[in-house]
Amino acid sequence: MRKLYLIKLLIVVISFSSCQESENVESISKLTSNPYKISVDEAKDIVLDFMQVFQGSDSCKTRTKMRNLEIESVEIVDANKVITRSVGIEDTLLYAVNFSNNGGYVLVGADRRTEPIFGVIDNGSFSEKSVEENPNFAYFLNLALGKAVYDVKTSTTKAVNPGIGDYDNVYGSAYHLTSKWGQGAPYNVYCPGPYTGCVAVAVAQILSYFPVIGNVSWQDNLASGSAILHWNQIQSDCFKNDGRLNTFTTPQSANEIAHLMRYLGVVLKAEYKDDGTSMESKDAINWINDWTSLKATKLKEYNANEIFMAANFFSNKLVYMRGNRGKNDFLGITIKYTGGHAWVADGAFSARRKSDNKFVNLYHFNWGWDGSNNGYFLATVFDSSNPAIKDSELPGYLSLDDDGTPGNYKYNVEYSVIENPNISGGGTIQ
């Protein structure tokens, strides 16, 4: 009897092993049968080739030199399996290629039918936690995955096959903002909620580059405060502390910017809640035009090429950007912050890709989350030509909400170009 039991057990083990082997072979076969799939090793080569060009441009004068950039790891950017499987896509869409010593990372398309480069992040390493804690970056990443999905599903052109030395006609401008401020401490100490609001952070950082106001005074019911803004000291403190302020080593500057954040909250009629602070971007643009010497264009639907020209190649202008929080979730990650989005574009990189004769434009975004995931990002991801932009415009096989109800638009990305027409009247910090 015992012998019979052992024979049966052996048969079960062999059957299970055969089943596992069959599944593994099937999985590998599926992976290798996709002619558009970019392997991890290919992704590394794409990054090193691109960074050789990128590091040689003015975009990178603040980055670590190429000789110090070594690839440490490659992470898969997980997509929402419910959405990708529903449209027949189960392969990886994006890689995050991390450099050693927290030297930043590059977002690489994992399929030849979409873009090779989606972003070059200034510092740090890719992690799910960094995405969860930075909703503005998650906002971009969500739409980048949506673009990759759409590119893969609708591609009728020859797949992009990046090769060594694929780029020429290179242009770059280093990013302007030295500040890396956020919505939490110490910037929120005078706010009645945990978040200063992304609109307040974006406007405050713009004012740090165009220091056209010298003091603020605010009052909200029984609470009030005021501060003289010592911009040279603030900028010096930011430069010495990697863009950030704190109450220990930069107490004066931190206190002054905290007053500025609260002042902006008062004049822009902020609504403070535990899960986010809301302000109207149009009110912020109107305030800039009415109460400062800066000039801000009216909010306009985002167009990547228009911004590049309107911002004068980012040589002396900044771009305020905003977008709505959407419904479709291409990321399989829960985002803690539930408000809308506002951030600043303050630099650019452009190069022609010889393999398909297309220009690759990357804009430098300061997300306003303590420097987390700031970097140069593919400009067309936010372009109105990207069908993933609006819920109601998505093809049926991509849309989760196609009722077209006003306010259900996924991103509705808009921008305003901001400049100082009178440098002597306030200055531009270089």
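For region 357-381, taking the residues that are buried (at least 24 other Cβ atoms within 10 Å of the Cβ) and of a type in the set (Gly, Ala, Ser), the one that is nearest to the chain's Cα centre (by Cα) is identified as Gly375. Here Asp346 qualifies as part of a strand (DSSP E or B) and at pLDDT 90 or above. If you go through region 260-283 and keep only what is in contact (Cβ under 8 Å) with a residue 60 or more places away in the chain, of a type in the set (D, E, K, R) and either more than 20 Å from Val216 (Cβ to Cβ) or in contact with a His (Cβ under 7 Å, 6 or more places away or on another chain) (or both), you end up with Lys273, Asp274, Asp275.
Looking at region 276-283, can you tell me whether even one residue there is at pLDDT 85 or above, under 29 Å from Lys129 (Cβ atoms) and among the β-branched types (Val, Ile, Thr)? Checked against the condition, which is being at pLDDT 85 or above, under 29 Å from Lys129 (Cβ atoms) and among the β-branched types (Val, Ile, Thr), region 276-283 yields at least one hit. Entry remark, region 291-312: residues being among the aromatic types (Phe, Trp, Tyr) and closer than 20 Å to Gln205 by Cβ number 2 in total. Return a yes/no flag: does region 211-233 have any residue that is at pLDDT 85 or above, within 30 Å of Phe359 (Cα to Cα) and either under 18 Å from the mean Cα position of the chain (by Cα) or part of a strand (DSSP E or B) (or both). No, the conditions are met nowhere in region 211-233. Scanning region 55-107 for residues that are over 21 Å from Glu128 (Cα atoms), modelled with pLDDT of 70 or more and either assigned to a strand (DSSP E or B) or of a type in the set (Ser, Thr, Tyr) (or both) gives a single hit, Ser57. Here Ser179 meets the list (1) in contact with a Leu (Cβ under 9 Å, 6 or more places away or on another chain); (2) within 30 Å of Gly109 (Cβ to Cβ); (3) polar (S, T, N, Q) almost entirely, failing just condition (2). Flag: Ala284 does not match the condition of being buried (at least 16 other Cβ atoms within 10 Å of the Cβ), out of contact with any Asp or Glu (no Cβ under 9 Å at 6 or more places or on another chain) and under 13 Å from Tyr187 (Cα atoms). Beta carbons closer than 7 Å, at least 6 apart along the sequence or on distinct chains, pair a first residue in region 219-230 that is of a type outside the set (A, V, I, L, M, F, W, C) with a second that is not in a strand (DSSP E or B) for Asp220/Val266; Gly225/Tyr190; Gly225/His259; Gly225/Arg262; Ser226/His259; His230/Glu256.
Taking region 208-249 as the range and being exposed (fewer than 14 other Cβ atoms within 10 Å of the Cβ), closer than 22 Å to Ile418 by Cα and of a type in the set (Gly, Ala, Ser) as the test, only Gly214 passes. Count of region 301-320 residues, restricted to those that are among the charged types (D, E, K, R) and assigned to a loop (DSSP other than H, G, I, E, B), is 1. Within region 94-140, take every residue that is under 13 Å from the mean Cα position of the chain (by Cα) and of a type in the set (Asp, Glu) and give me the one that is surrounded by the fewest Cβ atoms within 10 Å (Cβ to Cβ). Residue satisfying both the conditions and the ranking: Glu132.
The values are calculated or read from the model by the stated rules, or taken from the named source; none is laboratory data. The shown structure was predicted, so the numbers you read here are calculated from the model rather than taken from an experiment. Note: ideal-geometry Cβ built from the backbone for every residue, glycine included; neighbour counts use all protein chains shown.
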